[in-house]
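S.K.: Can you read through this structure? Questions will come right after.
The values are calculated or read from the model by the stated rules, or taken from the named source; none is laboratory data. The model shown is predicted, which means the values in this text are computed figures rather than measured ones. Using ideal geometry, Cβ is built from the backbone for each residue, glycine included, and neighbour counts are taken over all protein chains shown.
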Amino acid sequence: MRMKHTRHTLTVGAAFAAAAMTLGLAAPTVQAAPPATSTTSATPSAATAPDIPVANVKAHLGQFQQIADANGGNRAHGHAGYKTSLDYVKGKLDAAGFTTSVQEFTSSGATGYNLIADWPGGDTTKTVMAGAHLDSVDEGPGVNDDGSGSAGILETALAVSRDRLKPAKHLRFGWFGAEELGLVGSKHYVDSLSAAERAKISSYLNFDMIGSPNPGYFVYDDDPALEKVFKDYFTKLSIPTEVETEGDGRSDHAPFKDAGIPVGGLFSGADYIKTPAQAQKWGGTAGKAFDACYHRSCDTSTNIDDTVLGHQTDAIAYALWQLAS
Ligand code: DTR
Ligand code: ZN
Ligand code: ZN
């Protein structure tokens, strides 16, 4: 079983290496998956989607905080904390059996990096991709923006590995650089794909701020089918949602959408003010921003609501398990 998996991984890795060279990506790192936590491989479905341990997501956020603390207080493009964050995420994915690639670009005179992680297997002509931006602003550690989305998709990727998932569709995860400078990394990634490669991405799901301390539950209303997957999940939990209207085009889904790829995503709110009606249905404080530390030095590991972080991360897993089946 283990041998078979290893051989399969290397074959897909070799195929990806050829594709990566065409795309100008650095050579991918391929590692065998660690020992399985269960002996059977799982076929994903909405019914088998795992509960993602929020403690693990919080542990990644603690690491991002420590990385910022050790690197001048931020994880911004062009600063050491960015690349250190990327190396942390990449290390976890490599050890879990993902095929990872680091894509370099230049912005404002500094080198930026995207991290792309492919789970070996599945139909690559129907790729389901989830992404988040890994850079903070210069002003702070960016734990909610967007450590939260970065940690949420990381822990979901690790759950794919733990479950030894055998999805019908191919699964890909992306951590983008320089979002805060104008979606630079995600634009670079989409631009680097040929028309044929773009056509293979059947959906892109974006997670930029999913742990806001005065939270809301916003669902992107771009692709109706993707919007429905998330709404169905929150309906099951009896949590009301609203359509995300705070930032159309303000995050990494925009380049994918512009390229004609169906997009969706979740958002727990940034600098807009929570209304009394929203406080009534979601709790928290009316008249206060969803994230009063948005783009500030106080966007630290204490700037997170664990409940919304847990629900939105579970929703990521639910969506991927359903869409990849
Ligand atoms: N792009 C984010 C903040 C942001 C504001 N509104 C939205 C809506 C949907 C996603 C993200 C956002 C940032 O990185 O600053
Ligand atoms: Zn931001
Ligand atoms: Zn953001």
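S.K.: Of everything in region 248-298 that's more than 18 Å from TYR189 (Cβ to Cβ) and among the polar types (S, T, N, Q), which residue is nearest to the chain's Cα centre (by Cα)?
M.R.: Going through region 248-298, the residues more than 18 Å from TYR189 (Cβ to Cβ) turn out to be 248, 266-298.
Checking which are among the polar types (S, T, N, Q) leaves us with 268, 275, 278, 280, 285, 297.
Details: SER268: 14, THR275: 28, GLN278: 26, GLN280: 29, THR285: 27, SER297: 23 Å.
Within region 248-298, the match that is nearest to the chain's Cα centre (by Cα) is SER268.
S.K.: Looking at GLU242, is it among the acidic types (Asp, Glu), surrounded by fewer than 22 Cβ atoms within 10 Å (Cβ to Cβ) and more than 28 Å from SER45 (Cβ to Cβ)?
M.R.: Values: among the acidic types (Asp, Glu): yes; surrounded by fewer than 22 Cβ atoms within 10 Å (Cβ to Cβ): yes; more than 28 Å from SER45 (Cβ to Cβ): no.
So GLU242 does not fit the description; no.
S.K.: May I pose another question? Residues that are closer than 23 Å to VAL184 by Cβ and at pLDDT 85 or above, at least 2 per element: which helices (runs of 4 or more DSSP H) completely within region 1-111 meet that?
M.R.: Working: elements: 2-23, 54-70, 80-95.
Result: 54-70, 80-95.
S.K.: Where residues in region 256-273 are surrounded by 17 or more Cβ atoms within 10 Å (Cβ to Cβ) and within 16 Å of ligand 2 (Cβ to nearest atom), which of them is nearest to PHE173 (Cα to Cα)?
M.R.: The selected residue is GLY265.
S.K.: Would you confirm, using the coordinates I've provided, whether ASP306 is surrounded by fewer than 19 Cβ atoms within 10 Å (Cβ to Cβ), in contact (Cβ under 8 Å) with a residue 40 or more places away in the chain and within 29 Å of LEU226 (Cα to Cα)? Give the derivation first.
M.R.: Numbers: surrounded by fewer than 19 Cβ atoms within 10 Å (Cβ to Cβ): yes; in contact (Cβ under 8 Å) with a residue 40 or more places away in the chain: yes; within 29 Å of LEU226 (Cα to Cα): yes.
When the stated conditions are applied, ASP306 passes them.
S.K.: Can you pull out the helices (runs of 4 or more DSSP H) entirely within region 146-210 that have at least 1 residues that are over 16 Å from MET129 (Cα atoms) and in contact (Cβ under 8 Å) with a residue 40 or more places away in the chain?
M.R.: On the way: elements: 149-162, 184-192, 195-199.
Hits in region 146-210: 149-162, 184-192.
S.K.: Among the residues of region 211-220 satisfying the criterion of being part of a loop (DSSP other than H, G, I, E, B) and aromatic (Phe, Trp, Tyr), which is farthest from ligand 1 (Cβ to nearest atom)? Working first, answer last.
M.R.: Here is the first cut: in region 211-220, the ones part of a loop (DSSP other than H, G, I, E, B) are 211-217, 220.
Next cut, aromatic (Phe, Trp, Tyr) only: 217, 220.
Values: TYR217: 13, TYR220: 7 Å.
Looking at the filtered set, the residue picked out is TYR217.
S.K.: Scan region 235-256 for residues that are more than 19 Å from ALA196 (Cβ to Cβ), part of a helix (DSSP H, G or I) and either touching a residue at least 40 places away in the same chain (Cβ under 8 Å) or of a type in the set (Ser, Thr, Tyr) (or both) and report the count. Write out each step before concluding.
M.R.: Kept after step one, since they are more than 19 Å from ALA196 (Cβ to Cβ), are these residues of region 235-256: 235-254.
Next cut, part of a helix (DSSP H, G or I) only: 235-236, 253-254.
Those still in the list that are either touching a residue at least 40 places away in the same chain (Cβ under 8 Å) or of a type in the set (Ser, Thr, Tyr) (or both) too: 235, 253-254.
Residues in region 235-256 being more than 19 Å from ALA196 (Cβ to Cβ), part of a helix (DSSP H, G or I) and either touching a residue at least 40 places away in the same chain (Cβ under 8 Å) or of a type in the set (Ser, Thr, Tyr) (or both): 3 in total.
S.K.: Working only within region 263-311, note down all residues that are closer than 11 Å to GLY216 by Cα and within 12 Å of ligand 1 (Cβ to nearest atom).
M.R.: Selection gives LEU266, PHE267, SER268, GLY269, ALA270, TYR272, ALA289, PHE290, ASP291.
S.K.: Only one residue in LYS236, LYS257 is at pLDDT 95 or above and in contact with a helix residue (DSSP H, G or I) (Cβ under 9 Å, 6 or more places away or on another chain), so which one is that?
M.R.: Details: LYS257 fails: in contact with a helix residue (DSSP H, G or I) (Cβ under 9 Å, 6 or more places away or on another chain).
Criteria check complete, one pass: LYS236.
S.K.: Go through region 148-177 and count every residue that is buried (at least 24 other Cβ atoms within 10 Å of the Cβ) and basic (Lys, Arg).
M.R.: 0
S.K.: Still on this structure: Can you give me the number of residues within region 187-196 that are more than 14 Å from ligand 1 (Cβ to nearest atom) and within 18 Å of ASP252 (Cα to Cα)?
M.R.: The qualifying residues number 6.
S.K.: Among (1) at pLDDT 95 or above; (2) touching a Phe, Trp or Tyr at 6+ places or on another chain (Cβ under 6 Å); (3) under 15 Å from ILE210 (Cβ atoms), which single condition is GLU246 missing?
M.R.: For GLU246, the failing item is (1).
S.K.: If you take the residues in region 121-147 that are touching a strand residue (DSSP E or B) at 6+ places or on another chain (Cβ under 6 Å), closer than 15 Å to ASP291 by Cα and among the small types (Gly, Ala, Ser), which one is surrounded by the fewest Cβ atoms within 10 Å (Cβ to Cβ)?
M.R.: SER136
S.K.: Name every residue in region 247-278 that is away from ligand 3 (no atom under 12 Å from the Cβ) and in contact with a Ser or Thr (Cβ under 6 Å, 6 or more places away or on another chain), in order of residue number.
M.R.: If the condition is that a residue be away from ligand 3 (no atom under 12 Å from the Cβ) and in contact with a Ser or Thr (Cβ under 6 Å, 6 or more places away or on another chain), then PRO255, PRO262 are the ones that fit.
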